[in-house]
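The values are calculated or read from the model by the stated rules, or taken from the named source; none is laboratory data. The shown structure was predicted, so the numbers you read here are calculated from the model rather than taken from an experiment. Note that we place each Cβ from the backbone using ideal geometry, even for glycine, and neighbour counts take in every protein chain shown.
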Amino acid sequence: MRTLDDAQARAVRAEESMGTAMVQGEEGVRAEAGALTDRREFVKELLAATGGLAAWMALRPEDAAAVPRAARAADLLDRPEPYPEGNLLERMRADLLRALQKPVHERKWVMVIDLRKCIGCKACTVSCIAENNLPPGVVYRPVVEEEIGEFPHVRRRFIPRPCMQCDNPPCVPVCPVGATWKRADGIVEIDYEACIGCRYCITACPYNARTFDFGEFYGEGTPEVMDYERRPAFEYGKKWQRAPGRDGSPVGNARKCHFCLHRIENGMLPACVTTCLGTATYFGDYNDPESLVHQLVGSTRLMRLKEELGTEPNVYYLV
Amino acid sequence: MTTAMVRGRARHAVAAVWAVLFLWGLVGVVQRLTAGHAYTAYGSYVPWGLWVSAYIYFIGLSAGAFLLSSLVYVFRLKDLQRVGRVALFVAALTLGMALVSIWFDLGHMARFYEVFTRPNFKSLMAWMVWLYTAYVCLILAELWFETRCDLDTFARRGGPLAPVYRALALGWRCPESPEALAACHAQSRRWLRVLGSIGVPLAVTFHGGVGALFATVAARPYWHSALYPIFFLTGALLSGGGLLLAVVAGLDIVSEEERARIVRRLTRFVVGLLLFDLVLEWSEFSIPLWYGVGEELDVLKTVLFGPYWWVFWIVHLLMGAGVPLWLLLRRPGDRRAVAWAGGLVALTYMAVRLNLVIPAQLEPALRGLERAFVDARLVFHYVPSLHEWSVVAFIVSTGAAVFYLGMRFLPLVPVRAEEGGA
C-alpha cells in the first residue's frame, strides 16, 4: 500500500502543479470568465508550472505517504492562492478537499452532467478506461448517443452514463453473498475478492451500468499484449493485477463505475471529470451547501434517468 | 433381420451418439476450466445465457419429478407406486445436473461455498441455494429409506458390487424375521411420508422461488411478472411429468399391466398441465400485447416474430405442445407414441426456458446504448457458442450415463412388491 500511497501523493501534487496551467488554459476559452487572458502571460505561467513540476519530479519527497490523508487535504485547501474565479474544475477540487475533511458518513458524492455542454467526444469514456485499466467487455462510462429530429432540423444528444450510485440500488440486495453494498458516502462498492461472478447484479441494474470481466485483453490475437494492458488497476484503493488466463479478480467479477473512489479519497477528482473537454461533468459533496454540485442540483433543468423506478440515482443531468 | 439384431444396432447407435456427446463435452469442460469464460458468447449486456437456461430447465425437471414422487409417498397414489423411486432418482439426478450447469456459469467457481459462509438472505439466489441444499438432503434421505432394504439384499448376494451396495445402504442391515421386516418397512413408509410432506412445500417454495428470482428483477419488464412463480411451478410439473412418462413408457422397468396403469395416470397429468401451461402462456403474452403499448412489447415481439421465432412456434408450440397433445389424445394406448409425447414435452421445454431467460436481456436499458461502445461483449444480441453447447452436452451425457447405471445396477424398481413406499 505504501507504493500506492506514494504514487497517489505524487499524482495529487502533479495535478496541483498542472492545475495552475490548466486553470489558465481554461480561462482563455471560458466565456463565463468574462475577459481573455493575455497570451504571453499564459505561456509564462505555463512554463513556470512546467518548471515547477520538473523540479518537483527531481526532488520527489519520499515521505509524502506519511502525511495523514485529512492533513494533506487541509494543506491543499489552504494553498495561498485561491482558485481563480469561474474555474469550475478548481472549485470542484476545493469542494472535494473540503468534503474530505469531514467523516465519510457526512459526505454524499453526487455527479451532475450538463447535456447541453457535452459534445460527445468520449474523452470521459477513454480516460475512465485508462484510469481503471478496463479490459474488453467492461466499460464504466459509455456515452449514449441519440439523434433527434429530421433533416434539416437534426440534433444529436449525448448522455454519458456512469453508475448512478443509486440510494436505493437494485443491484445490492440481489447479491447472494453480499459482495456489493452502499457505502456511507453514497458510492456502491463491489468487493472483488468476495464476488462469485453470478452476474445477478448485472441483470438487476436498470441502467446496464454493470459489466463482467471475461479475463480478456485487447491485445489478444495480436503479436503482443502490450505492457500497458497488464498494468494493475487501483480500484477501491487496492492493487488489482489481471493476468491472461488467470482467474484472479477482478477477472470473473462484476465491475462498474465507482466515481474513481481511489482518486477522490486522495484529493483528486474522478478521471471523467478532470478530462471532460467542455467541463460538462461536475462532481462533489451534496451535503455541502457551498459546493458546486449542491448549487447545480437546484437547477430547473434537472433530470434523473428512470426516476419512476424509485432507484434514487445520484447522477443528475442538466437538460 | 431379427428384432434382436435391430435392437443391437440401435443400442450401438445410441452408444456411439453418447460417446461423441461425452467426448465433445469433455473438450468443452477442459476449455471452461482452463480458459474461463473466454469461449462463451454471452457478454456484459446479455450476461445470462445457455447455462442459466439449462440450469432452470434441469431444476424444473427435478422439482416436477419430485412432486410426482410425492403423489406416491404423501398422497399414497397406488397407481404410481412402482415408479416412486425412479421419480426420486430422476429428481436427484436432474438436480445435480442443474447445479453443475450453474456452477460452470459462475465467474469464480471456487467461491461457490461463500453462499454458505456469507449468505445475504435478502437475495433470492441465496435462498435458492439454501433450499436446494435442504432439498438434496431430503431426496437422498428419501432414497435411502426407500432402497435400504433392497440395497441390503443386493449386498448380501455378494459379487463385485456388494461393497458399493453396502456403502450406499450406509451399512444398514434389514432384519431377517418376517415380523421385523414388516416393521422395518412400516418405519420406512412413515419416514417417507414425513420427508415427502416436508418435501412438497420445499419443492413448491424453491421452484416458485426460481420464478421469483427472475420476477423480482424490476429492471426487466419481461421478467417482472407476478405470474412467473406459478408459471415456473406448472412448467416444472409438466416437464418432470413428461420425462417420467417417457421413462415409464419407453423403458422396460415395470410389467405390461403396471405400465398401462401408470401411463394412463401420467398421461392425464401431463395433458392437464400442458393445457394449463398454455393458458398461463396466453395470459403472459396476450395481456401486454393486446393494446400494442407498454414496456414489454418489443421483447414479446422479438420472441414471437424475431429472428428466432421458430423456437417459440415450431420447437415449443408445435413440437412441445401440439404434437404431444395429438399423440396423447389420439393414440393413448400406443406405448411408443406416449413415450415420444412425454419425451417431446420434456425436451422441448428447454425452448421455453431459453425464451424466458434470454429475450429479457436483449433490450438496451437506454435507447442508443447498443451503439455507445463498440465491443463484442457489449452487444444486445446472443446466440450460444458451440463451447457453451459442448458443456451442456457434457452435463447431459454424464446425466444419461448415471441414469443408465442407476437403472441397471440400483434397486430403483422395488424388488418385492410389498416394499413399495405407499
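Restricting B:VAL247, B:VAL311, B:VAL217 to those that are within 14 Å of chain A (Cβ to nearest Cβ), crowded, with 16+ Cβ neighbours inside 10 Å and either farther than 30 Å from B:ARG336 by Cα or among the aliphatic types (A, V, I, L, M) (or both) reduces the list to B:VAL217. Out of everything in the range A:140-180 that is more than 20 Å from the chain's Cα centre (by Cα), at the interface with chain B (Cβ under 7 Å from one of its Cβ atoms) and modelled with pLDDT of 95 or more, what residue ends up being nearest to A:TYR207 (Cα to Cα)? Among those residues, the one meeting the criterion is A:PRO170. Screening A:PRO250 with (1) touching a Phe, Trp or Tyr at 6+ places or on another chain (Cβ under 7 Å); (2) outside the structural domain of A:PRO135 (by TED's automatic domain parsing) gives one miss only, at (2).
The single residue among A:PRO170, A:PRO223 that is closer than 22 Å to B:ALA218 by Cα and either assigned to a loop (DSSP other than H, G, I, E, B) or without any contact (Cβ under 8 Å) to a residue 24 or more places away in the chain (or both) turns out to be A:PRO170.
When each of B:ALA10, B:ALA110 is tested for being surrounded by fewer than 19 Cβ atoms within 10 Å (Cβ to Cβ), of a type in the set (A, V, I, L, M, F, W, C), more than 14 Å from every other protein chain (Cβ to nearest Cβ) and out of contact with any helix residue (DSSP H, G or I) (no Cβ under 6 Å at 6 or more places or on another chain), the lone residue that passes is B:ALA10. Apart from one condition, A:VAL293 fits all of (1) β-branched (Val, Ile, Thr); (2) touching a residue at least 60 places away in the same chain (Cβ under 8 Å); (3) out of contact with any Gly (no Cβ under 8 Å at 6 or more places or on another chain); the exception is (3).
Of all residues in the range A:282-304, at least one satisfies being within 14 Å of chain B (Cβ to nearest Cβ) and surrounded by fewer than 23 Cβ atoms within 10 Å (Cβ to Cβ). I'm told B:ILE102 meets every condition in (1) more than 14 Å from chain A (Cβ to nearest Cβ); (2) under 30 Å from A:SER249 (Cβ atoms); (3) buried (at least 20 other Cβ atoms within 10 Å of the Cβ); (4) of a type in the set (A, V, I, L, M, F, W, C) except one. Can you identify the failing condition by its number? Status for B:ILE102: all satisfied but (1). Here the range A:305-319 is the region considered, the condition is being hydrophobic (A, V, I, L, M, F, W, C) and touching a strand residue (DSSP E or B) at 6+ places or on another chain (Cβ under 8 Å), and the residue that is surrounded by the fewest Cβ atoms within 10 Å (Cβ to Cβ) is A:VAL319. Cβ-Cβ distances below 8 Å connect the following pairs, each with a first residue in the range B:122-145 that is more than 9 Å from chain A (Cβ to nearest Cβ), a second residue that is surrounded by 20 or more Cβ atoms within 10 Å (Cβ to Cβ) and among the aromatic types (Phe, Trp, Tyr), and a separation of six or more residues or different chains: B:LEU131/B:PHE206; B:TYR132/B:PHE206; B:TYR135/B:PHE66; B:TYR135/B:PHE206; B:ILE139/B:PHE66; B:GLU142/B:TYR73; B:LEU143/B:PHE89.
Specify the residue that is surrounded by the most Cβ atoms within 10 Å (Cβ to Cβ); the eligible residues are those in the range B:387-419 that are of a type in the set (A, V, I, L, M) and free of Cβ contacts under 8 Å to residues at least 60 places away in the same chain. Ranking the candidates gives B:LEU405 first. Here are some conditions: (1) away from every other protein chain (no Cβ under 14 Å); (2) free of Cβ contacts under 8 Å to residues at least 60 places away in the same chain. B:LEU344 meets all but one. Which one does it not meet? With respect to (1) away from every other protein chain (no Cβ under 14 Å); (2) free of Cβ contacts under 8 Å to residues at least 60 places away in the same chain, B:LEU344 is out only on (2). Residues that are hydrophobic (A, V, I, L, M, F, W, C) and in a loop (DSSP other than H, G, I, E, B) within the range B:279-335 comprise B:TRP290, B:VAL293, listed in sequence order. Determine, yes or no, whether B:PHE276 is touching a Ser or Thr at 6+ places or on another chain (Cβ under 7 Å) and either at pLDDT below 90 or over 26 Å from B:TRP130 (Cβ atoms) (or both). In short, yes.
Within the range B:107-114, identify whether any single residue is over 30 Å from B:LEU26 (Cβ atoms) and out of contact with any Cys (no Cβ under 8 Å at 6 or more places or on another chain), and answer yes or no.
Initial filter on the range B:107-114 (over 30 Å from B:LEU26 (Cβ atoms)): none.
The answer is no; no qualifying residue exists.
Of the candidates A:PRO176, A:PRO152, A:PRO170, the single residue that is surrounded by fewer than 22 Cβ atoms within 10 Å (Cβ to Cβ) and either under 25 Å from B:VAL357 (Cα atoms) or not assigned by TED's automatic domain parsing to the domain that holds A:PRO250 (or both) is A:PRO170. Any residue that is within 14 Å of chain A (Cβ to nearest Cβ), modelled with pLDDT under 95 and within 23 Å of the chain's Cα centre (by Cα) - is there at least one of those in the range B:61-75? Looking for residues that are within 14 Å of chain A (Cβ to nearest Cβ), modelled with pLDDT under 95 and within 23 Å of the chain's Cα centre (by Cα), one finds none in the range B:61-75, hence no.
Of everything in the range A:207-249 that is within 20 Å of B:ALA376 (Cα to Cα) and touching a Cys at 6+ places or on another chain (Cβ under 8 Å), the residue that is surrounded by the fewest Cβ atoms within 10 Å (Cβ to Cβ) is A:TYR207. Only one entry in B:GLY209, B:GLY196, B:GLY235 is within 14 Å of chain A (Cβ to nearest Cβ), of a type outside the set (Lys, Arg) and under 21 Å from the mean Cα position of the chain (by Cα), namely B:GLY209.
Please specify each residue of the range B:384-417 satisfying the condition of being of a type in the set (Phe, Trp, Tyr) and over 21 Å from B:GLY36 (Cβ atoms). Write out each step before concluding.
Keep residues of the range B:384-417 that are of a type in the set (Phe, Trp, Tyr), which gives B:389, B:394, B:403-404, B:409.
Once the filter is applied, which keeps residues that are of a type in the set (Phe, Trp, Tyr) and over 21 Å from B:GLY36 (Cβ atoms), the range B:384-417 yields B:PHE403, B:TYR404, B:PHE409.
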